[in-house]
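Structure, as structure tokens:
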Amino acid sequence: MKKICVIGSLNMDLVVKVHTMPKGGQTLIGQNFKEVPGGKGANQAVAMARLNGNVSMIGKVGNDGFGQTLINALKNDNVNTDYIKVEEGPSGVALITVDKNAENCIVVAPGANFKLTKDDIDKNIEAIINSDIVVVQLETPIDTVKYALKKAKELGKYTILNPAPAVKLEDELIQNIDLLTPNETELEIISGVEVKCEEDIQKAAQKMIEKGVKELIVTLGSKGSLYINKEKSIFKDVYKVQAVDTTAAGDSYTGALAVAFANGKDVEQAMDFASKVGALSVMKEGAQSSLPTLKEVESFRG
């Protein structure tokens with residue numbers, strides 16, 4: 001199996017369930033509250049590890065009460081945490097509200113995640129050197145993401161960017177992406193193309209390909225997912241399940257793709273595997289707490 005390096009965020013998710021989302025100025029009584037280890041980078045690393053992926057992570061936590069808890073959560077799932085450093089100040093925190101329809105609203109206070117620098121990439125370059133696939137997101141500084149992708153490509157690694165939370169990306173960053181995994185909203189933001197239908201998705205994807213992205217897998221929520229490269233596109237339907245909480249569904253999907261590619265699967269096999277993982281993740285509450293094991297995926301019939 002190929003090795004994977006995740007470069008990204010670690011957050012403590014503070015999750016409250018509500019009947020409906022609050023409106024501006026409104027106070028609601030929540031139904032329950034949980035503290036769950038999260039952060040897009042950490043979620044994807046845990047998703048990979050539970051699927052028997054060989055994964056290391058580069059990131060930062062604060063020296064507060066959450067920091068060591070976040071590191072321990074990764075260790076418990078056999079993620080290599082040697083390249084996660086403790087920084088003075090608070091760890092990242094995500095405030096998550098989940099309604100009765102399993103939809104969520106998230107506000108992130110980045111904390112130590114925004115102290116991840118180019119120098120940290122250089123100091124931990126061993127993790128990239130020893131990997132085959134490098135996965136990044138956008139919950140750490142853009143300059144650091146751009147530098148990490150550049151170094152990964154210089155070292156001949158296959159790079160995956162999950163562009164969340166979505167922002168406009170420089171061409172210099174885009175040209176170092178092998179696989180881009182946005183949802184429809186993220187694709188619209190990063191491409192500048194309004195996305196209302198599949199034709200728009202194709203147009204936006206081709207714009208990203210013209211800028212240097214090799215291939216995209218666009219997640220379409222309950223409508224499935226769409227693979228696009230210069231020559232072709234492949235659609236994959238979802239597995240129908242009763243969703244409880246969609247937190248980390250996208251992270252589970254990206255993590256599963258990386259593991260599938262690490263195991264030599266082709267695109268269609270990887271998308272099917274990731275669809276199963278995503279379906280299983282929305283059937284449980286929380287971020288890392290919802291991520292399935294390989295055994296659960298193999299026994300899932302959908």
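Apply 1/(1 + (r/R0)^6) to the Cβ-Cβ distance of Val16 and Glu298, taking R0 = 41 Å, and write down the FRET efficiency to the nearest 0.05.
Details: r = 34 Å, r/R0 = 0.82.
With R0 = 41 Å, the Cβ-Cβ based efficiency is 0.75.
Mean silhouette area of region 239-302, derived from the convex hull of its C-alpha atoms and averaged over all directions, reads 3.8 nm². A P(r) calculated from all alpha carbon pairs of the chain, with 20 Å bins opening at zero, reads 36, 60, 4 percent. The alpha-carbon of Lys100 sits under 13 angstrom from the alpha-carbons of these aspartates and glutamates, leaving out residues fewer than 8 places away in its chain: Asp245, Glu285.
So for region 149-291, considering every pair of alpha-carbon atoms, how many percent are separated by more than 18 Å? Before the final figure, lay out each step's value.
On the way: 5536 of 10153 pairs.
Percentage above 18 Å: 55.
Semi-axis lengths, largest first, of the ellipsoid equivalent to region 1-63 are 33, 13, 10 Å, with √(5λ) applied to each eigenvalue of the Cα gyration tensor. Distance between the pseudo-spin-label points of Gln31 and Asp122 (7 Å out from Cα toward the beta carbon): 5.1 nm. Sorted largest first, the spans of the alpha carbon positions of region 1-139 along the three principal axes are 50, 33, 23 Å.
Using r as the Cβ-Cβ distance of Val107 and Glu231, and R0 as 35 Å, what FRET efficiency do you calculate, to the nearest 0.05?
Efficiency at R0 = 35 Å is approximately 0.30.
Each label was represented as a point 7 Å from its Cα along the Cα-to-Cβ direction; for Glu194 and Asn78 these points are 5.0 nm apart.
Going by C-beta contacts inside 10 Å, put Ser222, Ser9 in order with the fewest on the left.
Numbers: Ser222 11, Ser9 31.
Final ranking by Cβ density, sparse to dense: Ser222, Ser9.
If a paramagnetic tag sat 7 Å from the Cα of Lys100 along the Cα-Cβ line, which residues of region 33-77 would have the backbone N under 15 Å from that point? Zone members listed by number: none at all.
Summing -39500 (n - 2.57) over the DSSP H runs of n ≥ 4 in the chain and dividing by its residue number, what mean residue ellipticity at 222 nm do you reach, to the nearest 500 deg cm²/dmol? All intermediate terms of the calculation are to be shown ahead of the outcome.
Details: 11 runs with 107 residues, N = 302.
So the helix-based figure for the chain works out to -10500 deg cm²/dmol.
Computed from the C-alpha gyration tensor, the three semi-axes of the ellipsoid equivalent to region 104-202 are 25, 17, 11 Å, from longest to shortest.
Of all DSSP beta bridges located in region 97-196, what percent are antiparallel, nearest 5?
Details: 2 of 8 bridges.
For region 97-196, the DSSP antiparallel bridge percentage is about 25.
As an exercise, use a Förster radius of 25 Å and the Cβ-Cβ distance of Asp266 and Glu172 to find the FRET efficiency, rounded to the nearest 0.05.
Working: r = 30 Å, r/R0 = 1.20.
For R0 = 25 Å, the calculated efficiency reads 0.25.
Just so you know, all these numbers are worked out from the coordinates, no wet-lab data involved. Quantities reported herein were computed from a predicted structural model and do not represent experimental measurements. Cβ atoms come from the backbone with ideal geometry, glycine included; neighbour counts cover every protein chain shown.
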